[in-house]
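**Student:** Just dropping this structure here.
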Amino acid sequence: MSSEDKNKPNKSSEMSRRKFFNLIGWGGLLASVGGSAVGTYKFMFPTVLYEPPTVFKIGKAADFGMGVDERLKKERQIWVVKNDRGLYVLIAICRHLGCTPNWFPDQQRFRCPCHGSIYDIYGNVRGGPAPRTLWRAAVSIDAADNQISVNFLNRQDPDPESTAEGLTVEEPPRETAPYFVKSA
Ligand code: FES
C-alpha cells in the first residue's frame, strides 16, 4: 500500500461511523418524543390518592336504636351509640396502638383483640394498656335533610381521671355539642 493510500479515509469505516451517529441522532429523537408522551399522559391522568371522605352523613337519628350500632364500623370506622339523652359517635380505633376493637353486647364492653384493652359503652378504659378513652367524633344535624353529619377528624378527647374502674371521663357532662346530638 502506498503512503497516499494510507492517508485516504477508509470508505467502510466512514460509513459505519455515519451509521453510528445516525443511530444516536434517532435514539435521542425517540427518547425525547417518548419523554414528552409520558409527560402528557401523566398530565392527563395525574396520580390521585382516593381517600374516604372525613365528613359524611350517616342517616337520621331515628334510624338508630338504643345502644351500640355496629353497621358503620367497617365502612366508616365508627360506632353510633344512642342513650335516652341522645346520640354520640365513637371512633373504632383503639387508643393503645390503633387496632379495631370489637363490641360484646352481652358484656357491654369493647375489647381490643391486639393487646387486650377494654372500654365501656362510653369509651372509658376498663382494662388493658390503652392510655386514653375512645375518641368521639363531632356530629351535627344537617337542616336540609335532618341527617346526622359526622366529622371524623374533629374528635373529643378530654383528659380522663384515673379511678378504681379505670380511666374515666364523667358522663353526662361529656355529652355536649358538637360531640352529642340531643334527643328531640
Ligand atoms: S392496640 Fe388495642 S390494646 Fe393494643
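**Student:** If I go through segment 56-79 residue by residue, how many of them are without any contact (Cβ under 8 Å) to a residue 24 or more places away in the chain and open to solvent by less than 20 Å² (accessible area, probe 1.4 Å)?
**Tutor:** Residues in segment 56-79 being without any contact (Cβ under 8 Å) to a residue 24 or more places away in the chain and open to solvent by less than 20 Å² (accessible area, probe 1.4 Å): 1 in total.
**Student:** Read through the list (1) more than 19 Å from Gly98 (Cβ to Cβ); (2) out of contact with any Asp or Glu (no Cβ under 9 Å at 6 or more places or on another chain); (3) open to solvent by less than 20 Å² (accessible area, probe 1.4 Å), then give the number of the only condition that Cys112 fails.
**Tutor:** (1)
**Student:** Let me ask something else about it. Scan segment 86-103 and tell me whether some residue there is of a type in the set (Ser, Thr, Tyr), in contact with a Cys (Cβ under 7 Å, 6 or more places away or on another chain) and open to solvent by less than 30 Å² (accessible area, probe 1.4 Å).
**Tutor:** Checked segment 86-103: no residue is of a type in the set (Ser, Thr, Tyr), in contact with a Cys (Cβ under 7 Å, 6 or more places away or on another chain) and open to solvent by less than 30 Å² (accessible area, probe 1.4 Å).
**Student:** Just to be sure before I move on: is Gly128 at positive phi and touching a His at 6+ places or on another chain (Cβ under 7 Å) in the structure I sent?
**Tutor:** For Gly128, the condition - at positive phi and touching a His at 6+ places or on another chain (Cβ under 7 Å) - is met.
**Student:** May I ask you to list the residues in segment 84-128 that are closer than 23 Å to Ala62 by Cβ and either of a type outside the set (A, V, I, L, M, F, W, C) or near the ligand (Cβ under 10 Å from one of its atoms) (or both)?
**Tutor:** Listed by number, the residues that qualify are Asp84, Arg85, Gly86, Tyr88, Pro105, Tyr122.
**Student:** If you don't mind, another one. Residue by residue through segment 148-184, note down the ones that are of a type in the set (Lys, Arg) and open to solvent by less than 40 Å² (accessible area, probe 1.4 Å).
**Tutor:** Residue satisfying the conditions is Arg174 alone.
**Student:** Tell me, which strands (runs of 3 or more DSSP E) wholly within segment 76-132 include 1 or more residues that are in contact with a Gly (Cβ under 9 Å, 6 or more places away or on another chain) and aliphatic (A, V, I, L, M)?
**Tutor:** Those strands (runs of 3 or more DSSP E) span 78-83, 86-91, 125-127.
**Student:** Among the residues of segment 133-147, which ones are crowded, with 23+ Cβ neighbours inside 10 Å and either at pLDDT below 95 or not in a strand (DSSP E or B) (or both)?
**Tutor:** Selection gives Thr133, Leu134.
The values are calculated or read from the model by the stated rules, or taken from the named source; none is laboratory data. This is a predicted model, so every value here is computed, not measured. As a convention, Cβ positions derive from the backbone with ideal geometry for all residues, glycine included, and neighbour counts pool all protein chains shown. Accessible surface areas use protein heavy atoms only, side chains included; no ligands, DNA or RNA. Shrake-Rupley method; radii C 1.70, N 1.55, O 1.52, S 1.80 Å.
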